[in-house]
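**Student:** One structure, as structure tokens, below. Some questions next.
The values are calculated or read from the model by the stated rules, or taken from the named source; none is laboratory data. Everything numeric here is computed off the predicted structure, so don't read it as measured data. Note that each Cβ is placed from the backbone with ideal geometry, even for glycine, and that neighbours are counted across all protein chains shown. Remember, those area values only see protein heavy atoms, side chains included, never the ligands or the DNA or RNA. Shrake-Rupley method; radii C 1.70, N 1.55, O 1.52, S 1.80 Å.
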Amino acid sequence: MGITTIPTRYLIVILTFLCTSVCYIERVGFSIAYTVAADAEGVSQSSKGTILSAFYYGYALSQVPGGWAAQKIGGRRVLLLSFILWSLTCALVPLDPNRVIILITARLLVGVSQGFIFPSIHTVLAQWVPPHERSRSVSLTTSGMYLGAAMGMLLLPSLVKLKGPQSVFLAEAALGGMWSLLWFKFASDPPRSQHPKAAASGFGESLLPVKDGQSQRTKTDKSQIPWLRIFLSLPIWAIVANNFTFHYALYVLMNWLPTYFELGLKSSLQEMGSSKMVPYLNMFIFSNIGGVIADHMITKRIMSVTKTRKVLNTIGFLVSSVALIAIPHFRTPDGVVLCSSLALGFLALGRAGFAVNHMDIAPRYAGIVMGVSNTAGTLAGIIGVGLTGQLLEASKATDLDLSSPDSWRTVFFIPGFLCILSSVVFLLFSTGERIFD
């Protein structure tokens with residue numbers, strides 16, 4: 001008995017779970033390491049926002065190309081190349097807040113590299129995972145993001161304290177290298193023999209890129225990708241709107257929660273112990289709970305796919321809205337951890353609605369639709385992270401101390417309001433039916 005006895009599709013899901021974990025360790029790690037280095041050099045909040053948001057410009061630009069590349073040459077190959085590129089960037093770039101151009105260029109490059117990863121993952125999952133396992137598989141894979149963020153929040157502040165901010169870059173590069181070796185050794189494309197009903201169910205070899213001279217009845221080329229239908233589809237725009245809101249809230253909390261603890265509450269991250277990882281650990285738990293509930297409701301025919309997606313999405317986003325707006329009203333670290341845990345946990349639960357929905361409506365083009373949707377989510381990072389820095393600078397300009405809750409109310413109200421708005425959009429326009437052949 002060994003790793004070779006695990007069904008290949010389960011091994012693929014486990015590896016993609018580890019993939020998202022490492023990616024988010026990198027994102028949280030940069031936020032933590034750069035915040036420490038920038039504060040030591042007296043960098044302004046606005047300048048910090050510029051550096052922190054640079055990643056998302058590169059990430060946004062590469063989402064749709066990432067989906068196209070995964071469709072054409074295979075998600076497995078694109079995923080490996082992307083991982084190697086961002087890992088090398090982390091290993092080679094110095095973390096010096098005064099070398100702004102180098103930092104911005106490096107963050108753009110890491111953003112471009114990681115932008116290819118999630119469309120590639122969804123292309124791979126669409127090839128390997130049958131419809132009745134999609135909610136659980138996608139939820140487990142994406143929950144790696146939150147476990148990675150939790151582990152980053154728990155371990156990396158201590159690493160910064162012991163070895164300095166640069167050590168975070170080296171640790172992230174090492175993790176990226178190890179995952180690349182695992183993916184190279186164990187990942188593969190699915191043979192048709194494992195999926196005899198591939199064409200009917202929308203997964204398997206029928207979704208694989210077609211090599212030159214290879215005959216396949218489901219051959220897909222650029223001219224057959226229904227770009228116009230994709231961009232005019234209301235169900236896809238419902239997914240896009242909710243992806244935007246989810247990532248606006250997530251990226252604002254991920255990038256600015258350390259600053260809120262340090263300056264808003266006067267609490268050191270190093271002294272908070274394991275409590276600072278609770279919000280992201282909660283996301284990990286709730287994401288998988290949502291996936292299990294969704295698959296159970298669908299396979300037992302308790303609800304249709306459409307109703308299941310809408311119910312979980314609505315519950316998740318409305319509870320998150322209340323928790324986000326409540327954050328600045330709590331003036332202790334424990335209170336903020338509680339609110340941010342509820343907000344992020346229920347947002348993760350909502351992913352069993354919108355985040356799996358693109359595989360319901362367009363399994364053949366899952367990577368491309370994911371790229372379109374994730375572009376919106378990345379724009380949310382650019383807007384949210386940068387806007388938050390501007391809002392805090394404006395508060396300081398009006399003589400408001402950043403320890404005042406008034407300085408932070410607008411910061412958390414915006415994602416709270418967006419949660420309400422996007423949940424209404426999803427209720428009105430989403431569907432669980434397959435609308436793209």
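**Student:** Can you pull out the residues in segment 409-428 that are open to solvent by 60 Å² or more (accessible area, probe 1.4 Å) and of a type in the set (Val, Ile, Thr)?
**Tutor:** 410, 420, 424
**Student:** May I pose another question? Among the candidates 22, 36, 28, which residue alone is within 20 Å of the chain's Cα centre (by Cα) and open to solvent by 10 Å² or more (accessible area, probe 1.4 Å)?
**Tutor:** 22
**Student:** Give 401, 360, 406 a once-over and let me know the one that is of a type in the set (Asp, Glu), open to solvent by 10 Å² or more (accessible area, probe 1.4 Å) and not in a helix (DSSP H, G or I).
**Tutor:** 401
**Student:** Give 379, 347 a once-over and let me know the one that is open to solvent by 10 Å² or more (accessible area, probe 1.4 Å) and within 16 Å of the chain's Cα centre (by Cα).
**Tutor:** Residue meeting the stated conditions: 379.
**Student:** When segment 2-23 is examined, which residues are found to be among the polar types (S, T, N, Q) and modelled with pLDDT under 90?
**Tutor:** If the condition is that a residue be among the polar types (S, T, N, Q) and modelled with pLDDT under 90, then 4, 5, 8 are the ones that fit.
**Student:** Every residue in segment 44-79 that is among the β-branched types (Val, Ile, Thr) and over 19 Å from residue 102 (Cβ atoms), please.
**Tutor:** Hits for segment 44-79 are 64, 73, 78.
**Student:** Right, something else. Return a yes/no flag: does segment 17-28 have any residue that is assigned to a helix (DSSP H, G or I), touching a Phe, Trp or Tyr at 6+ places or on another chain (Cβ under 8 Å) and of a type in the set (Phe, Trp, Tyr).
**Tutor:** yes
**Student:** Go through segment 293-333 and give me each residue that's in a helix (DSSP H, G or I) and among the hydroxyl-bearing types (Ser, Thr, Tyr).
**Tutor:** Of everything in segment 293-333, those that are in a helix (DSSP H, G or I) and among the hydroxyl-bearing types (Ser, Thr, Tyr) turn out to be 299, 306, 308, 314, 320, 321.
**Student:** Kindly indicate which of 57, 10 is surrounded by fewer than 24 Cβ atoms within 10 Å (Cβ to Cβ) and within 30 Å of residue 260 (Cβ to Cβ).
**Tutor:** Just a single option satisfies the conditions, and that option is 57.
**Student:** Given the structure, is residue 281 assigned to a helix (DSSP H, G or I), closer than 24 Å to residue 50 by Cα, touching a residue at least 60 places away in the same chain (Cβ under 8 Å) and in contact with a helix residue (DSSP H, G or I) (Cβ under 8 Å, 6 or more places away or on another chain)?
**Tutor:** no
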